[in-house]
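Okay, structure first, notes after.
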Amino acid sequence: MAAPSKPTADPTDPDCIFCKIARGEIATRVVYETDLVIAFDDAHPQAPVHTLIIPKGHYAHLSDGMPDEVTTAVFSAVPVVARIKGVNQSGYRIIVNNGPDANQTVGHVHAHVLGGCPMTHGMIRFSEES
Ligand code: 5GP
Ligand code: ZN
């Protein structure tokens with residue numbers, strides 16, 4: 001009988017700040033963790049609750065070959081994090097900045113979970129240059 005295939009090792013980037021957090025090389029307030037994802041509070045919160053959910057593997061963008069199960073794991077973590085942070089009832093906003101036009105500043109997929117206060121309805125502010 002053939003040996004079971006080994007799961008592919010998560011891709012990692014030695015210079016990526018979020019990979020360092022995922023590997024436990026940078027001290028971070030971990031909110032939630034599974035085999036595939038880790039959630040931690042944003043270093044520069046833009047709301048009373050501002051938590052990031054990242055895949056443990058390095059994928060710069062959503063379209064960089066991130067397996068469906070990893071995408072599912074990231075978004076399945078959203079309501080769990082919302083419950084942990086106490087915003088499940090009051091509501092929260094999910095933002096994924098993906099690529100240059102969205103002003104993604106860290107090249108490792110991440111979902112922002114923002115909440116803890118009422119937000120206006122508008123989601124987008126365009127750059128003044130455009
Ligand atoms: P982006 O602009 O790429 O959507 O969001 C990147 C987020 O990562 C920003 O909100 C920024 O504050 C956060 N961030 C950047 N470096 C670190 C870090 O070393 N630790 C934590 N906890 N958050 C970080
Ligand atoms: Zn990374």
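The values are calculated or read from the model by the stated rules, or taken from the named source; none is laboratory data. Just so we're clear, the structure is a prediction, and the values are computed from it rather than from any experiment. Glycine gets a Cβ as well: all are built from the backbone with ideal geometry, and neighbour counts include every protein chain shown.
When the stretch 95-118 is limited to residues that are out of contact with any His (no Cβ under 7 Å at 6 or more places or on another chain) and assigned to a strand (DSSP E or B), the one that is surrounded by the most Cβ atoms within 10 Å (Cβ to Cβ) turns out to be V113.
Quick grid of which residues meet (1) modelled with pLDDT of 95 or more; (2) more than 17 Å from V96 (Cβ to Cβ); (3) near ligand 2 (Cβ under 9 Å from one of its atoms):
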| position | (1), (2), (3) |
| --- | --- |
| D10 | no, yes, no |
| C19 | yes, yes, yes |
| E33 | yes, yes, no |
| I38 | yes, no, no |
| Y59 | yes, no, yes |
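With the condition kept exactly as written, say whether any residue in the stretch 60-72 is under 23 Å from M123 (Cβ atoms) and more than 16 Å from ligand 1 (Cβ to nearest atom). Among the residues of the stretch 60-72, at least one is under 23 Å from M123 (Cβ atoms) and more than 16 Å from ligand 1 (Cβ to nearest atom), which makes the answer yes.
A residue that is at pLDDT 95 or above, assigned to a loop (DSSP other than H, G, I, E, B) and closer than 16 Å to H112 by Cβ can be found somewhere in the stretch 76-93.
For the condition farther than 30 Å from P14 by Cβ and of a type in the set (A, V, I, L, M), A47 qualifies.
Whether a residue is under 15 Å from the mean Cα position of the chain (by Cα), within 16 Å of ligand 1 (Cβ to nearest atom), closer than 14 Å to H110 by Cα and free of Cβ contacts under 8 Å to residues at least 40 places away in the same chain was assessed, and V81 does not pass this test.
Here is a yes/no grid of residues against (1) touching a residue at least 40 places away in the same chain (Cβ under 8 Å); (2) small (G, A, S); (3) assigned to a loop (DSSP other than H, G, I, E, B):
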residue	(1), (2), (3)
A27	no, yes, yes
H50	yes, no, no
V70	no, no, no
G122	no, yes, yes
